[in-house]
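Engineer: Mind having a look at this structure? Questions to follow.
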Amino acid sequence: MRTIPLFACLLLSVSPGLAGAQDEPDAVELPRTPSPDGAMVYFIEPQDGATVSSPFTVSFGLRGMGVAPAGITFADSGHHHLLVDVEEAPPEGLPLPTTDRILHFGGGQTETELELPPGEHTLQLVLGDPLHIPHDPPVRSDVITVTVAAP
Ligand SMILES: [Cu+2]
C-alpha cells in the first residue's frame, strides 16, 4: 500500500486556497465527499469508560467504507482523525485542522499509541476525505471517556 507521510497531511491542512476561504466564509463552499448509508467509525479499543495506563493502544474500526491515505481519492473511503479532549466539534464543511488534539492518520493507519497524563480524557474518531474534510453526512464515532491511571 502506498503511504503518505504525515507531513503531507500537515501541508494540505494549511494550503493557501483555504486561507482565502477563511477571509470570505460565505463566498466559498468546499465540496463535500458523500458517505454511503450505514457507514460507521468506532473504537475497537479502548472501551468507553475504560481505565488504562499510558501509553495505551487505540484501535480504529470502520464499517461500510474503506481506508485510503490522505490525498488519495477513492470512492467510499477516508482516513481517520482522533480528537483528544476536543470540547467543541470542528466545523463540518472545512478541513480538520492539525493540532495537538486533532491527530491525523493520513497514512491510512488504523491504530496508534497514545500518551496522556493521568485523569479523564475524551476520545472521538472522525473520518476525513482526501482533503481532511468530514464526509457528508459526517462519519464519526461516539465520544468515549477513558481514565488514565496514575503511574
Ligand atoms: Cu487528515
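The values are calculated or read from the model by the stated rules, or taken from the named source; none is laboratory data. Everything quoted here is computed from the prediction, not taken from an experiment. Cβ placement follows ideal geometry from the backbone for every residue including glycine, while neighbour counts extend to all protein chains displayed.
Engineer: Which condition number does Glu92 fail, the rest of (1) over 10 Å from the mean Cα position of the chain (by Cα); (2) surrounded by 19 or more Cβ atoms within 10 Å (Cβ to Cβ) being met?
Structural biologist: (2)
Engineer: Here is a follow-up. Somewhere in the range 70-82, is a residue hydroxyl-bearing (Ser, Thr, Tyr) and within 18 Å of Asp37 (Cα to Cα)?
Structural biologist: Yes: the range 70-82 contains one or more residues that are hydroxyl-bearing (Ser, Thr, Tyr) and within 18 Å of Asp37 (Cα to Cα).
Engineer: Oh, and also: Scanning the range 98-120 for residues that are touching a residue at least 60 places away in the same chain (Cβ under 8 Å) and exposed (fewer than 14 other Cβ atoms within 10 Å of the Cβ), which turns out nearest to the ligand (Cβ to nearest atom)?
Structural biologist: So, considering only residues that are touching a residue at least 60 places away in the same chain (Cβ under 8 Å) and exposed (fewer than 14 other Cβ atoms within 10 Å of the Cβ), the one nearest to the ligand (Cβ to nearest atom) is Glu115.
Engineer: Considering (1) modelled with pLDDT under 95; (2) hydrophobic (A, V, I, L, M, F, W, C); (3) closer than 14 Å to Glu111 by Cα, say which one Ala89 fails and leave the rest.
Structural biologist: Every listed condition holds for Ala89 apart from (3).
Engineer: Now a separate question. Hey, could you check the range 44-91 for residues that are in contact (Cβ under 8 Å) with a residue 60 or more places away in the chain and among the aromatic types (Phe, Trp, Tyr) and say which is nearest to the ligand (Cβ to nearest atom)?
Structural biologist: Phe60
Engineer: Separate question: Would you call Leu123 surrounded by fewer than 19 Cβ atoms within 10 Å (Cβ to Cβ), more than 12 Å from the ligand (Cβ to nearest atom) and among the hydrophobic types (A, V, I, L, M, F, W, C)?
Structural biologist: no
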